[in-house]
């Protein structure tokens, strides 16, 4: 690999642009492929296969060739509602797992830069916050305040936007009440049943890092479930 | 979870190059059976024998370092190597899991 190519790869990674590295295993030549950009002439012959593998986000050698495709994909967006203690541990786990966390919390004293260095914090009520955070069906929601005033509007937004994962902290009782409120607001059972509540897989732990781990474990399992 | 923008191994390769080290990238390009690390997993090796990242669960890293040092010595640009389970000394160079992997080594030039 040319040093120039390595530098370009690092640059794309830093700018968080989705791309693929294409390598010819026969002669060692390589290039970067990006959506809507022309493919390097040396790889023109395999254009269709490269595009197909890029769209499927599949890493590997194109069948019957010596062309290796390796995709770099955008991190999965995770919205955490509630800048609470558990959120601090979630962020630590997320760093090495390709998740991009944003925190929403209208309570300024919780959501401070000092408690969450380098993380996008939106100091607003969820309804307002979602006007400035772009979300879609590839977004996940982790609601941690167990305060209906804050969690409910965020959960409602997540259901309407078809988030692939919605989890809400709180006991079974808290969750039952939450479901009731959602029903009264006009959501149907199918929509409500998509919520993971109480959030997390059963590990048995009660401490903040243990709960964070159980949430992240559930989130990862749902990432693979949707693929 | 595929290759992440946060993966630091390539940044580290660039840092090694800045200090005038020779660097080889080793990338898992094919796997069969129960191989420990998925396609696209990467490791970097420099001419001092330092390495970072991984291509298996520790089963073949030593052999990969050896191959990479050979590549630098012979001044070759790339090479493909394969590892299968080896019964006699599975813990040394083969894959104890019974899987097979193929790894592409390329020198950064």
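Can you tell me the orientation of helix A:148-160 relative to chain A, as the angle in degrees between its alpha-carbon axis and the longest Cα principal axis, to the nearest 10? So the helix axis and the longest Cα principal axis differ by about 40 degrees.
Result for chain A in a Gaussian network model with C-alpha springs under 10 Å: among A:55, A:146, A:175, the largest mean-square fluctuation is at A:55.
Extension gain for residue A:173-residue A:8 works out to 54.1 nm (0.36 nm per residue, less the C-alpha to C-alpha distance). For the protein assembly as shown, the antiparallel share of DSSP beta bridges with both residues in that region comes to about 60%.
Rounded, prolate or oblate: which fits region A:99-227 when a ≥ b ≥ c are the square roots of the eigenvalues of the alpha-carbon gyration tensor, with rounded for a/c under 1.5 and prolate only if a/b beats b/c? Here region A:99-227 falls in the rounded category. Its alpha carbons considered, region A:92-148 gives a radius of gyration followed by a Dmax of 11.8, 31 Å.
Per DSSP helix of 4 or more residues, -39500 (n - 2.57); summed, then divided by the residues of the protein assembly as shown. What does that give at 222 nm, rounded to the nearest 500? Counting only the DSSP helices, I get -10500 deg cm²/dmol. For chain A, the longest principal axis of the Cα atoms and the long axis of helix A:85-95 meet at an angle of about 10 degrees.
Direction-averaged projected area, Cα convex hull, region B:9-107: 5.7 nm², rounded to one decimal.
Relative to the longest principal axis of the Cα atoms of chain A, the long axis of helix A:3-15 lies at roughly 20 degrees. Under a Gaussian network description of chain A, with springs only between Cα atoms under 10 Å, the residue in A:32, A:215, A:166 that fluctuates furthest is A:32. Note on the protein assembly as shown: the alpha carbon radius of gyration divided by the globular reference 2.2 N^0.38 Å gives 1.15. Note on chain A: GNM, Cα springs under 10 Å; of A:84, A:69, A:122, the largest mean-square fluctuation is that of A:69.
Throughout, read-outs are computed from the coordinates displayed, never taken from laboratory work. This is a predicted model, so every value here is computed, not measured.
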